[in-house]
Amino acid sequence: NVGVAEYRSVSPLARLNEVVVTTLAVLFIPAAARLFANRDGRAINAMYWGTASTLAVLAFPIFAATFVISEPLTVLLLGEQYRSSSTILGILAFAYYFHTSLGFNSQMLRVYGRVRCVVITDVVAACVAILGYLLLIPAYGPMGAALSTAGSLVLHNLLNQWWLVRTTDVKSFDLSYVGTLASIVLATLFLVGTLH
């Protein structure tokens, strides 16, 4: 099926936005557990947002390649016949980068023993994804699959973040993260404006 090929061809490229999170999670969990054992809520909050900021910066080059220049990248790596997949790549890349830039929210919930929150979030996001697939794929094909995947991934992270703020020492937003976030947004806008 052509639609399946269009989606599956770019999905691994979009998932590259998660490489930094996957790699550094091994280091984050023990450090967070140590701070939790010491009941140092202020340090936990600082570590969480500092790590989220670092992840966003480290993953930005991958995001820029898979989101901003998704079309030339798709054509370069997969060939002209996959040019239409570049929009799917951009949508998925945004969702995976969003996941990365919010940091280790599900891991922090586990450190605090909030496994129930993680399970509820997983179930809700999975149900939304399945519903999205059932509604959007018949109407929009691979684009519907990309929108469903991206929407459920963004929802999953927003729910984890909500639980994190409600049940741990992590604040809803640390102002020290504003400069990094603003720089990323401005850099993305600059690249989009320059390259498109």
| Most mobile listed residue (Leu155, Leu77, Leu55) in the chain, GNM with C-alpha springs under 10 Å | Leu77
| request: Towards the positive end of the charge dipole of the chain, with charges on Cβ (+1 Lys, Arg; -1 Asp, Glu), say which of Ala5, Ala145, Leu76 has the farthest Cα. | output: Ala145
| request: Mind checking the full-extension length gain between Ala5 and Arg42? Use 0.36 nm per residue of separation minus the Cα-Cα distance, one decimal, nm. | output: 8.6 nm
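Once the piece of chain linking Val26 and Val57 is laid out straight, how much longer is it, given 0.36 nm per residue of separation minus the C-alpha distance between them? Working shown, then result.
Working: separation 31, 0.36 × 31 = 11.16 nm, distance 1.85 nm.
Contour length minus the Cα-Cα distance gives 9.3 nm.
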| message | With θ taken as phi - 60° and the coefficients 6.51, -1.76 and 1.60, list the Karplus ³J(HN,Hα) couplings across region 8-18 in order, rounded to whole Hz; mark glycine and proline as x. | response | 5, 5, 9, 4, x, 5, 5, 5, 4, 5, 8
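Round to the nearest 0.05 the FRET efficiency obtained for Val178 and Arg83 when R0 = 35 Å and r is the Cβ-Cβ distance.
0.40
Summing +1 for each Lys or Arg and -1 for each Asp or Glu, what net charge is found among the other residues whose Cβ lies under 12 Å from the Cβ of Thr100?
On the way: positive: Arg15; negative: Glu18.
In short, 0.
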| task | For Leu195 and Val119, calculate 0.36 nm times their separation in residues minus their Cα-Cα distance, and state this gained length in nm to one decimal. | result | 23.2 nm
| field | Spin-label model distance (nm) - Trp162 vs Cys127, 7 Å beyond Cα toward Cβ | value | 1.2 nm
| task | Find the eigenvalues of the gyration tensor of the Cα atoms of region 5-91, then list the square roots of 5 times those eigenvalues as equivalent ellipsoid semi-axes, largest first, in whole angstrom. | result | 37, 11, 8
| Just how large is the dipole of region 1-121 about the Cα centre, in debye to the nearest 20, putting +1 at every Lys and Arg Cβ and -1 at every Asp and Glu Cβ? | 620 debye
| Taking R0 as 22 Å, what's the FRET efficiency between Ala187 and Val19 from their Cβ-Cβ distance, rounded to 0.05? | 0.70
| query | Could you work out Rg/(2.2 N^0.38 Å) for region 85-196, with Rg from alpha carbons only? | reply | 1.22
| task | Would you be so kind as to identify which of Ser172, Ile184, Val19 lies farthest towards the positive end of the dipole of the chain, taking Lys and Arg as +1 and Asp and Glu as -1 on Cβ and the Cα centre as origin? | result | Ser172
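FYI, it's all coordinate maths here, none of it is from the lab. Remember, predicted model here, so these are calculated numbers, not experimental data. Note that we place each Cβ from the backbone using ideal geometry, even for glycine, and neighbour counts take in every protein chain shown.
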